[in-house]
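Notes for the one structure printed next.
Computed from the coordinates by the stated procedures, all read-outs in this text should not be read as laboratory data. Given the structure is predicted, the values throughout are model-derived calculations rather than measurements. Note that we place each Cβ from the backbone using ideal geometry, even for glycine, and neighbour counts take in every protein chain shown.
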Amino acid sequence: MWYNKQVMSTIIKKYSKNVYIITTILVCVFLVITLSACSGNAVEPDPSPSVEPPTPSPTPSTPTPTPTPVELVPWNGPVEHIFFHEIIAWPELTFRGGTRQPGFDAEFVTANEFRLILQSLYDNDFVLIDLNDVWSEYTNETNQLRMTRNTLMIPEGKKPLVISFDDMNFYAIDIPYGLMSTYIIGTDGQIWAEGYDPSGNYITSQDLAAITILDKFVRENPGFSHNGAKGCIALTGFEGILGYSTQNDPNNTTQSFRLNRMQEIARVKPVVDRLKATGWYFASHSYGHIGIANASLARVQADGERWLDEVGSIVGDTKIFIYPFGQRLDGADQNAPGPALRFYAEELGFRLFASVGREPYTQIKESIPAVIMDRMLVGGRTLRNSRDRYLRFFDAADVFEIDVRPTDYGTDWGDSSYNDD
Ligand SMILES: [Zn+2]
């Protein structure tokens, strides 16, 4: 077997408290199995002041030099937006064959690839900004709420970049395939990830999950973040968030279920608060990762309200909606907004709607207060097959972890002995 007793006992321990979960997992297996194609083809008080370097105390005899202020200049060009999923911590567990290997290969990057990509983005003068800072609401002459692009002020010589991360939930079915399992707060007050190594040993690390790797990179390279911005964390709700079982089950009214859920919410709250205090922000990725383009309006409405009830109630207000499977609301939000997009904008208050595309496409809607946009996937599929389109960010040939990736799928770069097609 590819897993061991420790990993299984952990999963069982994590979920056996709530027998209903097993039913939920069975119901969701079909759904989750398809999640690897998420993008389709088409988400305080600082408990640890010691984290920051101590501020030198100036004395009259040795005044502290004033750092040269960074000059900010207006940015009128496109705002690049790339996205990832959670990061593969243990490639030997991910790439061991089987039916899910192609999906993981296509949609995910490894921890080592992620670090190299961040370094390249920084070297190429990209600077992280908050997607919420790009547009604003305003009231037009006919007293209607609409969106407008802000004048972004960016450090001179830098290019603004948004990074979002989809499905940061730690689905139980994914964890045995080489992911960590929960974001926690360490004794130092920082975010850490916990999980189990391939031998089944419990570990905590800041080098094996997306959020902690990016946090660490920004600590070491503060110039990579403008105004402290980090990334957008897109969450579903059907299997909790960030590794915590915060989801409700309307069919389970037992007190033990209710108490356990309250404990999980109480455990994740400080993690959410710490993330928000350190530049992270959240987005809805729908409650059930539903195929939203073809869902009935009633289902879209119920799903959207359930996300607000079970996830929004924990992470707070957000105006960002990230389409599951990259499927646009109403299937064609580039054209006239349909009832689902209108519902999200006018009833639920979402403003920024992100799909998947090949370039930094954005469109401010004229008839509703909404902006639609595309994001570019960073995963094995684009590393293998879209090197040219991503060269302004990084060179796939330099970041691709050729030693751990399957050799079955080839690339559109590299030597012919590696390419299979
Ligand atoms: Zn997704």
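Applying the Karplus relation 6.51 cos²θ - 1.76 cosθ + 1.60 with θ = phi - 60° to segment 150-166 yields 3J(HN,Hα) values of 7, 7, 6, 9, 10, x, 4, x, 9, 10, x, 9, 10, 10, 10, 10, 8 Hz, where x marks Gly and Pro.
Take the cross-link list Lys158/Lys276; Lys158/Lys269; Lys230/Lys365 and give me the ones stretching past 31 Å between alpha-carbons.
Cα-Cα > 31 Å for Lys158/Lys269; rest within.
Its Kirkwood hydrodynamic radius, worked out from the mean inverse distance over all distinct Cα pairs, puts segment 59-173 at 18.2 Å.
Multiplying the residue separation of Thr362 and Val73 by 0.36 nm and subtracting their alpha-carbon distance yields 101.9 nm. Full extension of the chain between Thr204 and Thr151 gives 15.0 nm of extra length, using 0.36 nm per residue less the Cα-Cα distance. Going from the residue with the fewest nearby Cβ atoms within 10 Å to the one with the most, Thr151, Thr110 rank Thr151, Thr110.
Applying 1/(1 + (r/R0)^6) with r as the Cβ-Cβ distance of Asn294 and Tyr138 and R0 = 56 angstrom yields a FRET efficiency of 0.95.
Determine the gain in length on full extension of the stretch Arg258-Arg96; use 0.36 nm per residue of separation and subtract their C-alpha separation, reporting nm with one decimal. Please report the intermediate quantities before stating the final value.
Working: separation 162, 0.36 × 162 = 58.32 nm, distance 3.84 nm.
That pair, Arg258 and Arg96, stretches by 54.5 nm at full extension.
In plain terms, the C-alpha convex hull of segment 348-421 casts an average shadow of 6.9 nm² when viewed from every direction.
What dipole magnitude, in Debye to the nearest 20, does segment 310-421 give about its Cα centre under +1 on Lys/Arg Cβ and -1 on Asp/Glu Cβ? Before the final figure, lay out the partial values.
Details: 13 positive and 19 negative charges, 87 e Å.
That gives a dipole near 420 debye.
The simple spin-label model puts a point 7 Å past each Cα toward its Cβ; for Thr407 and Leu348 those points are separated by 4.6 nm.
Give the peptides 132-142, 267-277 in descending order of average Cβ contacts within 10 Å, highest first.
Details: 132-142: 12.8, 267-277: 18.5.
Highest-to-lowest ranking by the protection proxy: 267-277, 132-142.
Ranked by how many other Cβ atoms sit within 10 Å of their own Cβ, fewest first, the residues Tyr409, Tyr183, Tyr171 fall in the order Tyr409, Tyr171, Tyr183.
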